[in-house]
1. Just to check your reading of the model, which residue among Ser120, Ser77, Ser112 is crowded, with 22+ Cβ neighbours inside 10 Å, farther than 29 Å from Ile272 by Cα and among the hydroxyl-bearing types (Ser, Thr, Tyr)?
2. Select the helices (runs of 4 or more DSSP H) contained entirely in the stretch 278-348, then report the ones holding at least 3 residues which are out of contact with any Asp or Glu (no Cβ under 7 Å at 6 or more places or on another chain), within 23 Å of Tyr10 (Cα to Cα) and free of Cβ contacts under 8 Å to residues at least 40 places away in the same chain.
3. I need a count of the residues in the stretch 103-123 that are in contact with a helix residue (DSSP H, G or I) (Cβ under 7 Å, 6 or more places away or on another chain), without any contact (Cβ under 8 Å) to a residue 40 or more places away in the chain and either outside any helix (DSSP H, G or I) or under 22 Å from Ala63 (Cβ atoms) (or both).
4. Please verify whether the stretch 52-70 includes one or more residues that are surrounded by fewer than 18 Cβ atoms within 10 Å (Cβ to Cβ), of a type outside the set (A, V, I, L, M, F, W, C), over 24 Å from Ala24 (Cβ atoms) and in contact (Cβ under 8 Å) with a residue 40 or more places away in the chain.
5. Return the only residue of Ala335, Ala392, Ala326, Ala370 being at pLDDT below 95, among the small types (Gly, Ala, Ser) and surrounded by 14 or more Cβ atoms within 10 Å (Cβ to Cβ).
6. When the stretch 352-367 is examined, which residues are found to be out of contact with any Ser or Thr (no Cβ under 8 Å at 6 or more places or on another chain), assigned to a helix (DSSP H, G or I) and either of a type in the set (S, T, N, Q) or more than 11 Å from Ser67 (Cα to Cα) (or both)?
7. If you check Arg42, Arg23, Arg76, Arg19, which single one turns out to be modelled with pLDDT of 95 or more, outside any helix (DSSP H, G or I) and out of contact with any Lys or Arg (no Cβ under 8 Å at 6 or more places or on another chain)?
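The values are calculated or read from the model by the stated rules, or taken from the named source; none is laboratory data. It should be emphasised that the depicted structure is a prediction, and the values quoted were computed from it without experimental measurement. Here the Cβ positions follow ideal geometry from the backbone for every residue, glycine too, while neighbour counts run over all protein chains shown.
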Amino acid sequence: MASEQAAMGYEPLICGTDRLARRAIRPWRGAMLAALRLAAGRGEDPDTGGVAVALNQLALLEAYEGSHANALALCRSQVDFWRALAAQAGAPGLLGGVIQPLINIVRLERWSAGADGTVSLYGELAPARRGVAGPLLARHGIALGFEGLCALDARADYAALLDNVYWREYGRYLLQAGSEDALQALLGEGLSRPRSAFVQLSLVEILLLQQARSGKHDSAARLLSGLGLAPDSLLWLHFKVCEMFLAQRRGAAEAPALQAAVMDAARRGRGIRDDAWGLNLLFDIGKVFRLLGCGAEEAELLRLATQAAVRLGDEAVHFDALARLAQLDGDASCALLQQFQHSGYASVRKRLGLAPASACPDPQSAVAVAAAAHLARLDFGACLACLDGVDAALAAA
């Protein structure tokens, strides 16, 4: 039972390749509003790529602050923007732009949906169902299925994006939820035919963790030994950590050597990119050492993560690493409260016993939501006037 409980705390290390450093929210939001102003400033010929990046990140920031209503409003406005722009420009290929905000809506609604609702939300992204317009698409006025949307613009690899979300994210959700039958079916289908290397290895990692959770450590170790990942592979370290964990749980003689190899890789930065993706990997490896009861190794990794978080400006990981180090040192959190009391991240504020930032919203949040609503109606003049009023809104706050 102890092994099973530990395995359940081991989250998949493979994450999306588009991870962003979680910088201080208010200046980040200001930068995205400025970027939106620049992208929308061309009127009826907007910089669509710039609009997409700005609206996606503005919605993300609202979610980080805990304001899911604002995040959903921004995503829905973006869907309406792409629909309206595609119709006005007579360019149906632009309609494919709705895919990313729709995926973000699925992610946001997952938090409030029960198990059945979450299964339904992700089920619409399943390859077998992409040919028809399901409820998610229908309620946003889109008659095509995801397959049809992908076909509108062959230059954009929307199918790969959908595959990544469905197989990796949904598989991770099922693993966390303990939905064994549904997870078994997903893994069986996903691993039965060739997919991108990233998606394929993500599913293999989830399968390994499912087997570890069930106490099938020997079976998982045999599967892992057959992978044969090259030492310079992007995901080599992810599976080396899994190998280390399984060896420790099996009481294998090579467990200490594997622990040493993982720590050596972390110290040297081998397999750890110098970006938010690598930072999160470093921090998550520390969690695995925590499961193994290796306090000294965990603390060393947390200190490395702290240094990387400061260098990259990742406020959320910086807090998490310092908070865990304080726990290990038996220290009080007064210094943390002083250092992070102005953080906008809901997760940070909750742990500090502070009200969410959304309780006293940044005036720029309202500007972002209003500007996106104007864009959804292709009212570029009103959108720009709204964005030009950011400084006035801040002065009045």
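1. Numbers: Ser120 fails: crowded, with 22+ Cβ neighbours inside 10 Å; Ser112 fails: crowded, with 22+ Cβ neighbours inside 10 Å.
Exactly one residue qualifies, and that residue is Ser77.
2. By residue number, 295-312, 315-329.
3. Result for the stretch 103-123: 4.
4. Scanning the stretch 52-70, I find no residue that is surrounded by fewer than 18 Cβ atoms within 10 Å (Cβ to Cβ), of a type outside the set (A, V, I, L, M, F, W, C), over 24 Å from Ala24 (Cβ atoms) and in contact (Cβ under 8 Å) with a residue 40 or more places away in the chain, so the answer is no.
5. On the way: Ala335 fails: surrounded by 14 or more Cβ atoms within 10 Å (Cβ to Cβ); Ala392 fails: surrounded by 14 or more Cβ atoms within 10 Å (Cβ to Cβ); Ala370 fails: at pLDDT below 95.
Of the residues listed, the single one that is at pLDDT below 95, among the small types (Gly, Ala, Ser) and surrounded by 14 or more Cβ atoms within 10 Å (Cβ to Cβ) is Ala326.
6. The answer is Pro363, Gln364, Ala366, Val367.
7. Arg23
Here is a yes/no grid of residues against (1) basic (Lys, Arg); (2) crowded, with 21+ Cβ neighbours inside 10 Å; (3) under 30 Å from Arg351 (Cα atoms); (4) free of Cβ contacts under 8 Å to residues at least 40 places away in the same chain:
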| site | (1), (2), (3), (4) |
| --- | --- |
| Ala86 | no, no, no, yes |
| Pro101 | no, yes, yes, no |
| Leu125 | no, yes, no, no |
| Val132 | no, no, no, yes |
| His140 | no, no, no, no |
| Gly145 | no, no, no, yes |
| Ala154 | no, no, no, yes |
| Asp157 | no, no, no, yes |
| Gly171 | no, yes, yes, yes |
